[in-house]
Amino acid sequence: MGSAEIRRFQRRADDVAEFLKAHLVGESRVRIIAHIDADGIAAAGILARCLYAYNTPFHIMFTRPLKPAEIMELSKEDYDLFIFVDQGSGQIAAIHKFLLSKECDVLILDHHPSDFPEHKNLAYLNPHACGLNGAKDVSAAGAAYSVVEHVDKNFKPLVGLAIVGAVGDRQEFFSGFTGVNEVLVKRAIDLGLIRVSTGLKLIGRSFSQIAECLRLSIRPYLPSISSDPTACYALVESLDISPKSTIDELGQEMEGKLGDALLARVGQVAADENFRYTLLGTVYTLTKGATGPRDVRDQVAMLDACGKFNKAELGFAVTVGDQVVLTEALALLRIYQEHMVGVLRWLTANIDTFRITPHMRCIYAEDAIEPTMIGEALSLAMESGIIATDRPVIGLVDAGAEELKVSARATPGLAMRGANVGLALARAAEAVGGEGGGHDVSAAARIPRRRMDEFTVVLDRALAGNHGA
Ligand SMILES: [Mn+2]
């Protein structure tokens with residue numbers, strides 16, 4: 001992606017900032033609708049800091065992307081400006097029909113693909129409209145940051161949150177960041193807001209005692225360490241590490257020793273490329289102005305956990321500087337990790353029950369994994385080297401007596417070679433009277449339980465069909 005596209009994005013951000021400013025200086029009442037994940041929460045935090053600074057009153061809600069009927073309901077509310085954050089692109093038709101038709105102002109800060117019909121009451125910032133790739137070049141938090149930075153230079157310290165959003169949406173790759181993200185990270189380093197180092201990328205490295213950090217490790221799952229407190233304490237003791245310290249406090253040499261000890265302990269997965277990348281690599285530390293955990297991945301994990309428990313407002317409060325709720329937000333993260341580490345242990349123990357077809361690896365986990373956990377569990381298992389990533393991975397779990405939840409995951413590499421689990425899942429689900437869809441690397445569906453066998457046959461064929469397409 002060239003710098004011309006990035007400049008186009010920055011120019012648009014400047015235009016959008018002018019649109020927003022008109023509401024900041026007046027008597028406007030603002031309604032924010034944000035996606036309920038780390039990126040959506042970080043983006044909302046950035047925007048809210050800006051609105052607070054101008055004393056502009058707003059109400060905020062965190063939700064999965066609104067359905068047309070919900071946008072119709074929204075249009076009955078009395079606001080001067082509706083801001084969609086990390087959503088809105090997919091709902092552009094309903095936004096036109098129900099909000100813009102009433103001459104309400106609408107701002108969309110998003111990075112999902114869309115059509116971009118013009119309207120005098122509409123402003124949007126979307127990388128896809130600038131020739132950038134919204135899946136990797138910038139997140140909603142990056143879009144929100146790019147706007148508020150143009151509103152006032154004093155908002156520059158919020159760039160850390162933009163990087164939190166990008167990491168939350170898995171926009172960091174083997175080779176680092178691209179597009180706007182790359183620019184933002186460089187800026188954050190230059191401003192002294194972020195420190196970049198190499199080390200262990202484990203969740204909790206900035207706030208959790210090491211043995212606990214290892215015991216709850218889900219990204220990656222550490223075989224014969226995760227979920228085994230005895231093994232964790234033994235390992236910490238064998239290295240003569242103070243049991244109270246965090247990984248952040250170890251110092252580079254000792255952290256290196258801990259990494260070596262972990263690799264020696266986990267067995268053959270130590271040689272797995274995905275596992276090593278998930279365990280070791282670039283660590284981003286927020287050095288100034290951060291509320292909540294200093295480590296970017298810790299911050300992401302905390303926000304995601306808040307979202308998953310439907311308490312996004314807790315994570316949001318942390319991003320706008322509320323230290324009081326931090327303990328509660330971190331407690332949610334811990335509950336989530338406790339749960340997920342059990343799920344990953346189960347997957348590890350049952351890895352042989354994955355059925356390998358020509359175009360996918362597939363498991364029916366019955367009720368061993370909850371419908372809300374299966375998708376992320378597959379992602380983490382792939383990142384942990386538990387499941388081979390040579391073909392798309394499909395998980396089916398019970399969702400009530402009659403229904404199955406299906407989750408599908410592929411790597412960016414598989415997507416580049418033509419696999420598209422979103423299209424395949426949509427097609428196969430429809431063929432058996434269910435419904436689903438999603439992105440090329442991540443998708444979900446619901447299907448009738450009694451048609452599972454038929455579904456997996458159709459899905460395998462559908463995945464074959466879009467190879468090389
Ligand atoms: Mn996002």
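Structure notes:
- Whole-angstrom gap from region 282-296 to region 95-158, using each part's C-alpha centre: 26 Å
- Take the Cα of Lys97, go 7 Å toward its beta carbon, and the backbone nitrogen atoms of region 38-70 under 16 Å from that spot belong to 66-70.
- Additional length obtainable on full extension of the chain from Ser245 to Arg461, 0.36 nm per residue less Cα span: 72.6 nm
- Taking every DSSP beta bridge that has both ends in region 250-404, the antiparallel portion is near 60%.
- Split the accessible area of the chain by element, probe 1.4 Å, and carbon with sulfur accounts for 51%.
- Average accessible area per residue (Å²) across the chain - probe 1.4 Å, nucleic acids and ligands excluded: 42 Å²
- Pairwise Cα distances in region 49-159 exceed 26 Å for 18 percent of all pairs.
- Lysines whose Cα lies under 30 Å from that of Lys156, excluding same-chain neighbours fewer than 8 positions away: Lys21, Lys120, Lys136, Lys186, Lys201, Lys288, Lys308, Lys311
- Cβ-Cβ distance of Val324 and Lys257, R₀ of 22 Å, FRET efficiency by 1/(1 + (r/R0)^6): the value works out to about 0.05.
- Nearby aspartates and glutamates by direct alpha-carbon distance to Lys76 (threshold 20 angstrom, same-chain neighbours under 8 apart not counted): Glu27, Glu103, Asp105
- For the chain, share of DSSP beta bridges that run antiparallel, in % to the nearest 5: 55 percent
- Pairwise FRET efficiency - Arg11 versus Asp352, Cβ, R0 = 60 Å, nearest 0.05: 0.65
- Computed with a 1.4 Å probe over protein heavy atoms only, the accessible area of Lys257 comes to about 100 Å².
- Across region 273-318, Cα pairs under 8 Å and at least six residues apart give a relative contact order of 24 percent.
- Unit Cα scatterers, Debye sum, region 228-348: log10 I(q)/I(0) for q = 0.16, 0.17 Å⁻¹: -1.00, -1.11
- Cα-Cα pairs of region 113-228 separated by more than 24 Å (percent): 41 percent
- Principal axis box of region 3-191, alpha-carbon based, largest edge first, Å: 46, 31, 28
- Kirkwood Rh and Cα Rg combined as Rg/Rh, the chain: 0.97
- Within the chain, helix-based [θ] at 222 nm, where runs of 4 or more DSSP H residues each add -39,500 (n - 2.57), nearest 500: -13500 deg cm²/dmol
- Mean shadow area of region 409-460 over all directions, Cα convex hull, nm²: 3.1 nm²
- A Förster distance of 51 Å, applied to the separation of the beta-carbon atoms of Phe174 and Glu27, puts the FRET efficiency at 0.55.
- Hydrodynamic analysis of region 350-465 uses the Kirkwood radius over alpha carbon pairs. Inserted into Stokes-Einstein at 25 °C and 0.890 mPa s, it gives a translational diffusion coefficient of 181 µm²/s.
The values are calculated or read from the model by the stated rules, or taken from the named source; none is laboratory data. None of these values were measured; they are calculated from a predicted model. Quick reminder, even Gly has a Cβ in these numbers, built from the backbone with ideal geometry, and neighbours come from all protein chains shown. Heads up: the accessible areas ignore ligands, DNA and RNA and are worked out on the full protein's heavy atoms, side chains in. Shrake-Rupley method; radii C 1.70, N 1.55, O 1.52, S 1.80 Å.
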